[in-house]
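One structure is given below, encoded as structure tokens.
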Amino acid sequence: MKKTLILIFCLTFLYRPCLAQDQKMTYNRIVSLSPSITEILYELGLGDKVVGVTDFCSYPPDVNDKFRVGGYLNTNFESIIFLKPDLVISPSEYDDEIKKLFDATEIDHFTVNTQTVDSILTTIEEIGLKCGVKNKAREIVNNKRDSIKSFRERAELRTAKRIMIAVSRNKGSLENVYVAGKETFYSDLLDILGCENVSSDNDISYPTLSVESIMRMNPDIILEMAPHIPDEDKPGLIEEWKTIDKVNAVKSGDIHVLNGDYIAIPGPRFTLILRDIEQVL
């Protein structure tokens, strides 16, 4: 970390004249450090201002032409500096040491949170205000809130279901099943749809459950989030759950694999996830 910090200082010194010259009221060279942030920037009509994204940013297709700066665990700060951005936006998951690196530069940067539905909407407003598109941000948020209201109204007409959302597990088995706990956007989505998250009493955002724990929770519906899994692979994933045949979801056949490219991204496309879950209720 110390070597990286020294290099950042050196690079900042070399590019200081450029940074000062490029400094304006609006931002023209933005680096996004998460897929959700990238999608928000594009939703706000700022895609042409984005010069750098993470290895995991894939939507919209235009991001494929953007420079890659690594991921959460291997962020390439030297590449970010060489891009000469006037704004870097990072998710709250980044630790304090990483933030100190940006504090050592003259690059404007700020951190946002997209871990819940409310924080996604707040982040849209914050980025909109920061980047001079406040009205566009307000319009997007209002539309999202209208959609949420519609989902809640339809939920009142359904019987509440107890749902478990699995976000990861060991390939080919039910070992190390990570599920969505409380204080996650998945739990918020279930609440909007009038459903109960069977793991909402867990203080860990994404706890690991054993088969025994899943059987005790006995969900009515199991949702497995598997972005980019081909449709033809869904039946195989569903079949693996059938080993716990005493669980209500297995007995009723209410096991569903959701595989949209947006299914694991806490960003502006969360309404598509709401739609997908609603369709299986």
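The table for this structure:
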| quantity | calculated |
| --- | --- |
| FRET efficiency, 1/(1 + (r/R0)^6) with R0 25 Å, evaluated for Y72 and T122 via beta carbons | 0.75 |
| Folded to 0 to 90 degrees: helix 270-280 orientation relative to the chain principal axis, Cα | 10 |
| Rounded if a/c under 1.5, otherwise prolate or oblate - segment 195-262, Cα gyration tensor axes | oblate |
| Column: log10 I(q)/I(0), Debye, Cα scatterers of segment 114-166, q = 0.18, 0.25 Å⁻¹ | -0.70, -0.95 |
| Separation between Cα centres of segment 211-278 and segment 103-166, rounded to whole Å | 23 |
| Cα-centre dipole for the chain with unit charges at Cβ (Lys and Arg positive, Asp and Glu negative), debye to 20 | 460 |
| Rounded to 10°, Cα long-axis angle of helix 134-155 versus longest principal axis of the chain | 0 |
| Stokes-Einstein D for the chain, Kirkwood Rh over Cα pairs, 20 °C, 1.002 mPa s (µm²/s) | 105 |
| With eigenvalues of the C-alpha gyration tensor scaled by 5 and rooted, segment 38-110, Å | 20, 13, 12 |
| Space enclosed by the convex hull of the alpha-carbon atoms of segment 120-232, per residue, Å³ | 145 |
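Taken together, the values in this text are just the output of simple stated rules run on the coordinates, not laboratory data. Here the structure is a predicted model, which is why all the values come from computation and not from measurement. Please note: Cβ atoms are built from the backbone with ideal geometry, for glycine as well, and neighbour counts cover all protein chains shown.
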